[in-house]
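Colleague: Okay, handing you the structure first.
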Amino acid sequence: MKDEKRIILTGFMGVGKTTVAKHLAHLLECERLDLDAMIVESEHLTIAEIIERDGIEKFRQIETANLQRILESDAKVIALGGGAWTIEENRRLIKAHNFTTVWLESSFEHCWLNISASKRVRPLARNKTEARKLFEERQRVYCLADWHFIIKPELNSFEVAKRIAEEIFFYEFN
Ligand code: S3P
């Protein structure tokens, strides 16, 4: 990795944070971590099981504790869960660790298509009306990220990662 910047990807459920992060880390040849995957590994439960067992407040506490660990790791590319950036304490921690934050911004319909196609249970997006409400409420917080990348449906995750590498890390691809 040519650049010392460390990057956090945020955005609504289903926008493709995890996949874009995988491609980006591959392109930049650096370490990547996924906050939700780290939580699943440390709790030995799925995210849905944790929320069901402990409730959303407790999940957010577990999320912040794991965010702290991840920020102190060597990972240069981190994908958050869709709610992590909406918590003020998390945003403060991320800034304190000097991460560059990127909002993968897309339409609700695009996210919903991916949410509906996925096998993963998302307790905060069990139906379209609920998910749309959350999506709309969160726009003003996501837009606090340093960079906004509009995810157009015609761009695949690899192309989005390439654009991030070019625009933020000044990579040149032939
Ligand atoms: C959440 C998003 C999920 C997961 C949890 C809560 C949210 O991650 O962290 O279900 O509040 O938006 P994805 O964005 O990867 O689905």
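The values are calculated or read from the model by the stated rules, or taken from the named source; none is laboratory data. Just so it is clear, the model here is predicted, and its values are computed rather than measured. All Cβ positions, even for glycine, are placed from backbone atoms using ideal geometry, and neighbour counts span all protein chains on display. Each accessible area value is taken on the protein alone, full model and side chains, heavy atoms only, with ligands, DNA and RNA left out. Shrake-Rupley method; radii C 1.70, N 1.55, O 1.52, S 1.80 Å.
Colleague: Divide, for the chain, the radius of gyration over alpha carbons by 2.2 N^0.38 Å, where N is the residue count. It would help to have the intermediate numbers written out before the result.
Modeller: Working: Rg = 15.4 Å, N = 174, 2.2 N^0.38 = 15.6 Å.
Normalised by 2.2 N^0.38 Å, the Cα Rg of the chain equals 0.98.
Colleague: Another question about this same structure. May I ask you to order 136-147, 60-71 by the average number of other C-beta atoms within 10 Å around their residues, highest value first? Don't jump to the answer; show the numbers that get you there.
Modeller: Numbers: 136-147: 14.0, 60-71: 17.6.
Top to bottom by mean Cβ count within 10 Å: 60-71, 136-147.
Colleague: A further question on this structure: Pairs of Cα atoms under 8 Å, at least six residues apart: use those to get the relative contact order of the stretch 89-174, whole percent. If you can, show how the numbers build up before the last one.
Modeller: Numbers: 43 pairs, mean separation 33.8, N = 86.
Computed over the stretch 89-174, the figure is 39 percent.
Colleague: Then there is this: Take the Cβ-Cβ distance between residue 146 and residue 64 as r, set R0 to 30 Å, and report the resulting FRET efficiency rounded to the nearest 0.05. The partial results should precede the final answer.
Modeller: Numbers: r = 20 Å, r/R0 = 0.68.
With a Förster radius of 30 Å, E is 0.90.
Colleague: With each run of n ≥ 4 DSSP H residues scored as -39500 (n - 2.57), what mean residue ellipticity at 222 nm is computed for the chain after dividing by its residue count and rounding to the nearest 500 deg cm²/dmol? Working shown, then result.
Modeller: Details: 8 runs with 92 residues, N = 174.
Value at 222 nm, helices only, nearest 500: -16000 deg cm²/dmol.
Colleague: For the stretch 49-136, what number results from the quotient of the Cα radius of gyration and 2.2 N^0.38 Å?
Modeller: On the way: Rg = 14.2 Å, N = 88, 2.2 N^0.38 = 12.1 Å.
My calculation over the Cα atoms of the stretch 49-136 gives 1.18.
Colleague: Averaged per residue, what accessible surface does the stretch 1-58 expose to a 1.4 Å probe, in Å²? Each step should come with its number before you reach the end.
Modeller: Values: 2940 Å² over 58 residues.
Result: 51 Å² per residue.
Colleague: Still on this structure: When ranked by the protection proxy of mean other Cβ atoms within 10 Å per residue, highest first, what sequence do the peptides 29-37, 116-124 form? Provide the component values of the computation, followed by the final result.
Modeller: Values: 29-37: 17.6, 116-124: 11.7.
Final packing ranking: 29-37, 116-124.
Colleague: Out of the total accessible area of the chain (probe 1.4 Å, heavy atoms of protein only), what percent is carbon and sulfur? All intermediate terms of the calculation are to be shown ahead of the outcome.
Modeller: Numbers: 4630 of 9190 Å².
In the chain, the share of accessible area belonging to carbon and sulfur is 50 percent.
Colleague: Dipole magnitude of the chain about its Cα centre, charges +1 at Lys/Arg Cβ and -1 at Asp/Glu Cβ only, in debye to the nearest 20? If you can, show how the numbers build up before the last one.
Modeller: Values: 26 positive and 28 negative charges, 75 e Å.
So the magnitude is around 360 debye.
Colleague: Pop out the ³J(HN,Hα) list for the stretch 150-156 in order, Karplus 6.51 cos²θ - 1.76 cosθ + 1.60 with θ = phi - 60°, rounded to Hz; leave Gly and Pro as x.
Modeller: So the Karplus estimates, Gly and Pro as x, are 7, 8, 7, x, 7, 9, 8 Hz.
Colleague: Given N residues in the stretch 17-99, what is Rg(Cα) / (2.2 N^0.38 Å)? Spell out each step's value before the answer.
Modeller: Working: Rg = 12.7 Å, N = 83, 2.2 N^0.38 = 11.8 Å.
Relative to the rule-of-thumb radius for its length, the stretch 17-99 sits at 1.08.
Colleague: So what does the Cα-only Debye profile of the stretch 107-155 read at q = 0.14, 0.26 Å⁻¹, as log10 I(q)/I(0), no solvent term?
Modeller: -0.40, -1.10
Colleague: Another question, if that's okay. For the stretch 64-171, with every protein chain kept in place, what is the accessible area per residue (1.4 Å probe, Å²)?
Modeller: Working: 5640 Å² over 108 residues.
On a per-residue basis, the stretch 64-171 sits at 52 Å².
Colleague: Within straight cross-link reach of residue 22, meaning Cα distance under 15 Å, which aspartates and glutamates are found once same-chain residues fewer than 8 apart are removed?
Modeller: 31, 34, 36, 159
Colleague: Taking 8 Å as the Cα distance limit and 6 or more residues as the minimum spacing, I'd like the relative contact order of the stretch 31-160 as a percentage. Please list the in-between numbers first.
Modeller: On the way: 100 pairs, mean separation 35.6, N = 130.
Relative CO of the stretch 31-160 lands at 27 percent.
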